[in-house]
Amino acid sequence: MPQDERSPASDIVTLLAEGEIEIVGRMPWSSNQTFLVTCSSGDEETGGVYKPERGERHLWDFPGAIFRREVAAYELSAALGWDLVPETIIRAEAPFGEGSLQRFVDADFSQHHFTLIEDEQYHERLRAICAFDVVANNADRKSGHCILGDDGNIWAIDNGLCFHREPKLRTVIWEFAGDRVPDALLEDLSALADDVPVALLELLSPAEVDAVRRRAQKLVAKGRFPVPDPNEHCYPWPLV
């Protein structure tokens with residue numbers, strides 16, 4: 001998928017927001033309708049992943065408009081300064097109606113969390129994703145949702161099942177359970193606990209935003225990654 005890796009995030013966001021969308025095809029193995037697209041404007045082009053609201057499969061424990069949670073995950077990652085989630089916006093004028101549109105990451109899709117964790121050079125990035133998921137309350141962090149981009153970064157994708165008010169953390173990233181959260185991450189989380197991004201207020205309910213703040217405060221206070229509760233469902237299914 002053509003993509004100008006040198007473009008700053010603001011340029012990518014503008015291209016996603018204003019570029020002409022062309023459907024390339026439907027993404028396989030997606031529970032909701034998910035489409036690979038191109039966004040183009042003049043000589044600029046980027047790949048995108050488009051998730052329209054009308055293609056969502058409603059779940060009993062998550063309300064509709066799951067696509068907004070995809071955008072909220074990007075905004076949270078950006079506010080923390082961690083840049084874990086590819087640029088993601090709400091796009092109203094799109095082929096199948098309003099939905100989320102995320103930059104497509106060219107990646108080695110043979111790699112995923114279970115292969116990446118074997119290499120210590122990726123542990124710093126995976127710790128950040130782990131902390132992010134705790135605060136976002138990610139209910140579905142599968143191994144395949146951690147992808148190794150051609151830029152050498154690990155990116156966290158498929159973040160629609162996040163931000164529930166009630167504890168629902170289900171993830172494959174438990175290798176750091178009980179370990180000390182790195183000081184740099186704690187510093188960023190402490191700032192988040194004091195000042196939740198305004199963008200989240202526009203995407204989530206007040207109760208969900210307050211829950212983000214409380215989870216950040218709790219993680220900072222404990223200073224350690226959580227340990228899976230043997231009495232809870234702490235792993236997603238399927239794992240990959």
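Cβ-Cβ distance of residue 221 and residue 65, R₀ of 41 Å, FRET efficiency by 1/(1 + (r/R0)^6): the value works out to about 0.80.
Amide H to amide H, with H built 1.01 Å from N, residue 106 comes under 5 Å of 150, counting only residues 5 or more places away or on other chains. Rounded to the nearest 20, the Cβ-based charge dipole of the chain about its Cα centre (Lys and Arg +1, Asp and Glu -1) stands at 1160 debye.
The separation of the range 42-87 from the range 219-233, counted between C-alpha centres, amounts to 26 Å.
Computed over the range 9-222, the range of Cα coordinates on each principal axis works out to 48, 39, 32 Å, biggest value leading. With the cut-off at under 18 Å, measuring from each backbone N in the range 138-153 to a point 7 Å along the Cα-to-Cβ line of residue 229 picks out 138-141.
Can you give the convex hull volume of the alpha carbon atoms of the range 2-113 per residue, in Å³? Numbers along the way, then the final one.
Details: hull volume 14.0 nm³, N = 112.
Per-residue hull volume (Cα only) is 125 Å³.
A Cβ-based charge dipole, computed about the Cα centre of the range 94-187 with Lys and Arg at +1 and Asp and Glu at -1, lands at about 460 debye. Which parts of the range 118-153 would a label at residue 214 reach, counting a residue when its backbone N lies under 13 Å from a point 7 Å out along Cα-to-Cβ? Zone members listed by number: none at all. Amide H contacts under 5 Å for residue 24: 36, 37, 38, restricted to partners 5 or more places along the chain or on a different chain, H placed in the peptide plane at 1.01 Å from N.
If you only keep lysine pairs separated by 8 or more in sequence, or across chains, how many in the range 9-222 come under 22 Å at the Cα atoms? Taking the Cα cut-off of 22 Å, the pair count is 4. Length, then width, then depth: along the principal axes, the Cα atoms of the range 111-240 run 37, 32, 30 Å. Between residue 30 and residue 58, the distance separating the two model label sites (each 7 Å from Cα on the Cα→Cβ line) works out to 2.1 nm.
Each value in this text was obtained by applying a stated rule to the coordinates, not by laboratory testing. Only a predicted model underlies this, so the values are computations on that prediction, with no experimental measurement involved. Counting neighbours? That spans all protein chains shown, and the Cβs are built from the backbone with ideal geometry, glycine included.
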